[in-house]
Ligand SMILES: NC(=O)c1ccc[n+]([C@@H]2O[C@H](COP(=O)([O-])OP(=O)(O)OC[C@H]3O[C@@H](n4cnc5c(N)ncnc54)[C@H](O)[C@@H]3O)[C@@H](O)[C@H]2O)c1
Ligand SMILES: [Fe+2]
């Protein structure tokens, strides 16, 4: 069996990484379009990037029309700004939302048409140079060939794919995640945990994704709670930034599974932040998945030190899932009910959500493959 392992062309990592980006930017073009959200502008994160661009005489425009729900019409707007202002490369500053939007804008600029027309197709072609500057330690989007965009015509979160979407440059500088508030830190950190665990237990996992996934899981158990309780802890922030990158590299090459498959429909219909809906599903989905590969879940228990000698594989696996749910509880992850979702409304939409989850293809990567009934049952159990 042979495997493919795709990564961004260059990763700059650690304190001061942003300044090192200047060398790459010089070769990217003459005018950048910076894709971001208004919070990043207010916090001064965009200013850190523009100051460095000014230093090397590269012009820029800023498109800050992205929010936590990147939608088809924002992609069209961003692409229009790029073309009208004669930009020739892209920089994203923000969490997964601006980074995903940058990739989608890159695709639309070159390939034309609405982003919705790429649903179900692989995105190919030579996109403009793209540089991702993540400000959350979560999505790993800086290292993935995926972009997730809301299709407002169909009310679904599209998972779009293509090696062409991989950024040329990923800048992982802890200066950016330091300002993330606890709720964002928690949700995005659990998103990274889901990427790593799903990548490790996916049918597509192989040696290199395993290495990245296990390393990410260990770091997240070591550092996420510290980042949550002490946002200024630089060492923990760096560890989480590395974990998110590693988890991204892992699932980029072995895919996510049941949690992400079931999470997107909740996000699309109820506007629950991505990491939070993953966290809400984590325990029930992993309990279901254990049976497909108890030994792999047991290995994760060993990696984080909750396996005890004499435990069987299923016991070790259960210990891991319990540790993961305990971590979610310590981060005060809300339930659907606490988030304000009406039970009857939710139950009434389960059939569509289950179908959308299956159609995304992600649940099919789980080693215990769920059918529609399994997915319906897990959705219902979220209100037990
Ligand atoms: N492409 C991929 O491989 C991939 C993987 C997982 C998730 N995603 C997608 O990523 C999106 C979610 O991204 P996200 O979880 O990073 O959140 P986000 O980008 O939506 O940001 C969440 C909120 O946190 C704020 N924020 C971000 N960084 C901050 C900082 N350093 N300080 C203060 N506030 C900050 C943002 O302004 C925003 O209000 C979803 O659309 C999801 O579907 C993509
Ligand atoms: Fe995710």
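FYI, it's all coordinate maths here, none of it is from the lab. This structure is a prediction, so every number in the text was calculated from the model and none was measured. When we count neighbours, we look across all protein chains shown, and the Cβ atoms used for this are built from the backbone with ideal geometry, even at glycine.
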Notebook entry, point to check: Taking the stretch 268-312 on its own, how many of its residues are over 16 Å from residue 378 (Cβ atoms), in a helix (DSSP H, G or I) and within 11 Å of ligand 1 (Cβ to nearest atom)?
Noted result: 4
Notebook entry, point to check: For residue 209, which of the numbered conditions (1) in a helix (DSSP H, G or I); (2) under 14 Å from the mean Cα position of the chain (by Cα) fails to hold?
Noted result: (2)
Notebook entry, point to check: Consider residue 114 against the criteria (1) touching a residue at least 40 places away in the same chain (Cβ under 8 Å); (2) within 25 Å of residue 273 (Cα to Cα); (3) in contact with a strand residue (DSSP E or B) (Cβ under 7 Å, 6 or more places away or on another chain): it satisfies all of them except one. Which criterion is unmet?
Noted result: (3)
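Conditions (1) within 21 Å of the chain's Cα centre (by Cα); (2) within 16 Å of ligand 2 (Cβ to nearest atom); (3) closer than 12 Å to residue 169 by Cβ; (4) part of a loop (DSSP other than H, G, I, E, B), marked per residue:
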residue: 4; (1), (2), (3), (4): yes, no, no, yes
residue: 7; (1), (2), (3), (4): yes, no, yes, yes
residue: 11; (1), (2), (3), (4): yes, no, yes, no
residue: 24; (1), (2), (3), (4): no, no, yes, no
residue: 29; (1), (2), (3), (4): no, no, no, yes
residue: 39; (1), (2), (3), (4): yes, no, no, no
Note to self: Quick test of your reading of the structure: residue 87 fulfils all but one of (1) in contact with a strand residue (DSSP E or B) (Cβ under 6 Å, 6 or more places away or on another chain); (2) under 20 Å from residue 34 (Cα atoms); (3) part of a helix (DSSP H, G or I); (4) more than 10 Å from ligand 1 (Cβ to nearest atom). Name the failing condition by number.
What the structure shows: (3)
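Which one is nearest to ligand 1 (Cβ to nearest atom) among residues in the stretch 40-51 that are without any contact (Cβ under 8 Å) to a residue 40 or more places away in the chain and under 22 Å from residue 103 (Cβ atoms)?
41
Inspect the stretch 175-198 for any residue being within 28 Å of residue 43 (Cβ to Cβ), in contact with a strand residue (DSSP E or B) (Cβ under 6 Å, 6 or more places away or on another chain) and buried (at least 24 other Cβ atoms within 10 Å of the Cβ) and give the result as yes or no. Full working, then the answer.
Going residue by residue through the stretch 175-198, those that are within 28 Å of residue 43 (Cβ to Cβ) are 175-196.
Checking which are in contact with a strand residue (DSSP E or B) (Cβ under 6 Å, 6 or more places away or on another chain) leaves us with none.
The answer is no, given that none of the residues of the stretch 175-198 is within 28 Å of residue 43 (Cβ to Cβ), in contact with a strand residue (DSSP E or B) (Cβ under 6 Å, 6 or more places away or on another chain) and buried (at least 24 other Cβ atoms within 10 Å of the Cβ).
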Notebook entry, point to check: Of the conditions (1) closer than 22 Å to residue 185 by Cα; (2) over 12 Å from the mean Cα position of the chain (by Cα); (3) within 16 Å of ligand 2 (Cβ to nearest atom); (4) in a helix (DSSP H, G or I), residue 248 fails just one. Which one is it?
Noted result: (2)
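Residue under question is residue 98, and the condition is that it be within 13 Å of the chain's Cα centre (by Cα) and more than 30 Å from residue 323 (Cβ to Cβ); does it hold?
yes
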Notebook entry, point to check: Of all residues in the stretch 148-159 being surrounded by 21 or more Cβ atoms within 10 Å (Cβ to Cβ) and within 12 Å of ligand 2 (Cβ to nearest atom), which is nearest to residue 269 (Cα to Cα)?
Noted result: 157
Item checked: Residues located in the stretch 29-48, provided they are farther than 20 Å from residue 141 by Cα and touching a strand residue (DSSP E or B) at 6+ places or on another chain (Cβ under 6 Å) -> 29, 31
